[in-house]
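Read the structure below first, then the notes.
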Amino acid sequence: MESSPHYFTPRPSGPESRRAITVELAGRRVEVTTADGIFCPDRLDLGTSVLLRTTPDPPERGELLDLGCGWGPIAMTMALCSPRARVWGVDVNERALGLLADNAAAHGLDRIVAARPQDVPADLLFDEIWSNPPIRIGKPALHELLTTWLPRLVPGGTAYLVVQRNLGADSLAVWLRGNLPPQFTVVKEASAKGFRVLRVHRTLAPDDGVPA
């Protein structure tokens, strides 16, 4: 099963049916637990794999965000690469959040926080955001998601988004350029296996300021 058609709902229908799979994250083989009712429960999906292969390592410290975390491959990779950073794995799917919390605990990644969107402090800004965003929620919901979270980058912060080319990666890049505040730049970071990785950077505009 690729994923439940309702993986982006808070409480998936049907039994959880947990199982273990082995994947490669941050250059090492790790066993994780997945379940039905979440995105791509049987393997590391191709888009996420492209993102993890082509994105530079995250900052060593600070606040990092995996937006739409699922069972946790992106959040776990960030935590493995940057053990002194705090990594927020955010999802609306409560089953996915439970899996991320259990997978993080199983591998001693105690700086991962599995959270619903409303549980993230409203004033928290992120040094870096990685995401395989849920394209299939539809354009209005996707646009709202991205314009809510991308502006929460710190000045100088960067987001990396992986989007399938035939599901609108290029048009999304154009839309982001036209709808994010002027201090944000959007470029294509990489392209592989039919996916684009978009790099969204918040520049150090004069009115942003950096605390002394």
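The values are calculated or read from the model by the stated rules, or taken from the named source; none is laboratory data. Bear in mind that the values here come from a model prediction, so they are computed numbers and not experimental data. Don't worry about glycine lacking a Cβ; one is built from the backbone with ideal geometry, like all the others, and counts go over all protein chains shown. What goes into the accessible areas is simple: the full protein's heavy atoms, side chains included, and nothing from ligands, DNA or RNA. Shrake-Rupley method; radii C 1.70, N 1.55, O 1.52, S 1.80 Å.
Inside segment 158-198, residues that are of a type in the set (Lys, Arg) and closer than 21 Å to Pro140 by Cα make up a count of 3.
Inside segment 187-201, residues that are out of contact with any Phe, Trp or Tyr (no Cβ under 9 Å at 6 or more places or on another chain) and either aromatic (Phe, Trp, Tyr) or closer than 14 Å to Gly157 by Cβ (or both) make up a count of 1. The single residue among Pro151, Pro83 that is assigned to a loop (DSSP other than H, G, I, E, B) and either in contact (Cβ under 8 Å) with a residue 40 or more places away in the chain or out of contact with any helix residue (DSSP H, G or I) (no Cβ under 9 Å at 6 or more places or on another chain) (or both) turns out to be Pro83.
Checked against (1) under 18 Å from the mean Cα position of the chain (by Cα); (2) open to solvent by 30 Å² or more (accessible area, probe 1.4 Å); (3) more than 17 Å from Pro59 (Cα to Cα), Ser171 meets all criteria but (1).
Counting the residues of segment 86-113 that are open to solvent by 10 Å² or more (accessible area, probe 1.4 Å) and either in contact with a Lys or Arg (Cβ under 9 Å, 6 or more places away or on another chain) or in contact (Cβ under 8 Å) with a residue 12 or more places away in the chain (or both) gives 16. Considering only residues in segment 114-147 that are among the polar types (S, T, N, Q) and within 17 Å of Leu64 (Cβ to Cβ), the one that is surrounded by the fewest Cβ atoms within 10 Å (Cβ to Cβ) turns out to be Ser131. Among the residues here, Pro181 qualifies as farther than 30 Å from Gly98 by Cβ and of a type outside the set (S, T, N, Q).
If you go through segment 36-53 and keep only what is at pLDDT 95 or above and either in contact with a helix residue (DSSP H, G or I) (Cβ under 8 Å, 6 or more places away or on another chain) or open to solvent by 50 Å² or more (accessible area, probe 1.4 Å) (or both), you end up with Leu44, Leu46, Thr48, Leu51, Leu52, Arg53.
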